[in-house]
């Protein structure tokens, strides 16, 4: 059966069908991400002072990934334009770069950014014990400067068994710079280049800890929203890469030989989805990495 | 929706009438836009740098910093939508879909605002 209106416009809509289809789908996607973003806004506005962390993510890596996604948005629109101008080889090159960009983006997320978080430890100190850990928190200094207080001590956990073993009574942590030198004015605001954990070891009594865990989704509201939204976004990137790969393979060439405009339209529709994924990232990046 | 055309007739008509000339026209049209695509890509990367730089500037309150970053992000998103997604010249049908989308997504954020402001128990 021949699918109608793949290249010619349907008279009542003035558009070929897939174009209407993808925009309806993107409309539903706006609501999907809209729901998650509005939850983010709600959770963040209601977070007590100092509870919403800053500077936990790697900004240069996030910026690089943003640039990669923008580059792929340019190349995918160039791939479409090449097909419109009936240049199959150029299409293959541009589409190949787009696919590569998508894979790099995902690799950086899954092989570098996320595992690094899973390997990072943080302990929220009980209200009554904050004074005891003042040398690591520097809350007097922060109060003097009118800044929100710190309640978490973070770094590299030496004794992982402490997470599960109840007989281990304390956490042994190689401190992050912010907790190693909390009254240093340089630590008042997040850094562009991430600082490695220090040699300074702190022993934190489990009895003083409200809650402690690795930087997993359950660690805090911040990480729960971060992993949910970037996870869903990552799945969209994966979906886009799979569709692009399909259109890039010989199947695409076969369609091009039969009806080049049909392939161009498929690429346009897949490209619209890809631009939307880029558009979501434009909001994700500052909200989670920078602010 | 209310056009009297027979859709099949219309399709064959456009397909035969303007295949060759339409193709040439489209190719010429597209080549004109390529410069714009590259320029928009560069602008987006520059503004990513600006967003990062502005996040280290203290605008007084954290809320002000968020507002500035969202303003830049909205500008970037607008560029993507208008140039890359061809919204600068789309058919009316697409705008109709998007008007509903904008209405409902704003409604969604308004609900969030109501829940946070909590006018009933506050």
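Specify, per residue and in Å³, the volume enclosed by the convex hull of the alpha carbon atoms belonging to the stretch A:121-213.
Each residue corresponds to 91 Å³ of Cα convex hull volume.
So what is the relative contact order for the stretch A:192-291, in percent, with contacts set as C-alpha pairs under 8 Å and at least six apart?
22
Take residue A:196, project a point 7 Å from its Cα along the Cβ direction, then tell me which residues of the stretch A:95-128 have their backbone nitrogen under 17 Å from it.
A:116-117, A:119-121
For the protein assembly as shown, what mean projected area does the convex hull of the alpha carbons give, in nm²? Before the final figure, lay out each step's value.
Working: hull surface 100.6 nm².
That works out to 25.1 nm².
For chain A, what does the helix formula give at 222 nm: sum of -39500 (n - 2.57) over DSSP H segments with n ≥ 4, over the residue count, nearest 500 deg cm²/dmol?
-17500 deg cm²/dmol
Taking 0.36 nm per residue of sequence separation and subtracting the Cα-Cα distance, how much length would be gained by fully extending the chain between residue A:210 and residue A:232, in nm to one decimal?
Length gained between residue A:210 and residue A:232: 4.9 nm.
Have a look at A:181, A:119, A:12 and tell me which one the Gaussian network model of chain A (Cα, springs below 10 Å) gives the largest fluctuation.
A:12
Springs between alpha-carbon atoms under 10 Å, Gaussian network over chain A: tell me which of A:24, A:263, A:175 tops the mean-square fluctuations.
Of A:24, A:263, A:175, the Gaussian network model singles out A:24 as fluctuating most.
Hey, what did chain A get for relative contact order, percent, Cα under 8 Å, at least 6 apart? Intermediate values should be presented prior to the final figure.
Numbers: 350 pairs, mean separation 74.6, N = 291.
Computed over chain A, the figure is 26 percent.
Return, ordered by residue number, the residues of the stretch B:38-74 whose backbone nitrogen is under 18 Å from a label point located 7 Å along Cα→Cβ of residue B:88.
Flagged as within label range: B:38-47.
Between residue A:116 and residue A:183, what is the label-point separation in nm under the 7 Å Cα-to-beta-carbon projection?
3.1
Scaled to the compact-protein estimate 2.2 N^0.38 Å, what is the alpha-carbon radius of gyration of the stretch A:1-105, rounded to two decimal places?
Computed over Cα atoms of the stretch A:1-105, the ratio equals 1.56.
Work out, step by step, the length gained on full extension between residue B:42 and residue B:120: first 0.36 nm times the residue separation, then minus their alpha carbon distance; give nm to one decimal.
The residue B:42-residue B:120 span can extend by a further 23.3 nm.
Connecting C-alpha atoms closer than 10 Å in a GNM of chain A, tell me which of A:239, A:155, A:102 has the biggest fluctuation.
A:239
Please tell me the relative contact order of the stretch A:52-209 in percent, rounded to the nearest whole number, where contacts are Cα pairs under 8 Å and at least six residues apart. All intermediate terms of the calculation are to be shown ahead of the outcome.
Numbers: 185 pairs, mean separation 34.2, N = 158.
Here the relative contact order equals 22 percent.
Can you give me the distance in nm between label points at residue A:86 and residue A:255, each placed 7 Å from the Cα along the Cα-to-Cβ direction?
2.0
Within 10 Å of each Cβ in peptide B:36-47, how many partner chain Cβ atoms are there on average? Round it to a whole number, please. Walk me through the numbers before you get to the answer.
On the way: counts 1, 8, 3, 1, 4, 9, 2, 1, 9, 6, 0, 2.
Averaged over the peptide's residues, the number is 4.
Roughly what would the spin-label model give for residue A:170 and residue A:31, points 7 Å off Cα along C-beta, in nm?
Here the answer is 5.5 nm between the modelled labels.
Counting other C-beta atoms within 10 Å, which of B:76, A:19, B:63 has the fewest, and how do the rest follow?
Result, fewest neighbours first: B:63, A:19, B:76.
Convex hull volume of the Cα atoms in the stretch A:77-122, per residue, in Å³?
48
Every number in this text was worked out from the coordinates using simple rules, so none of it is lab data. Computed from a prediction, not measured in an experiment: that's the story for all the values here. Here Cβ is always computed from backbone atoms with ideal geometry, including for glycine, and neighbour counts include all displayed protein chains.
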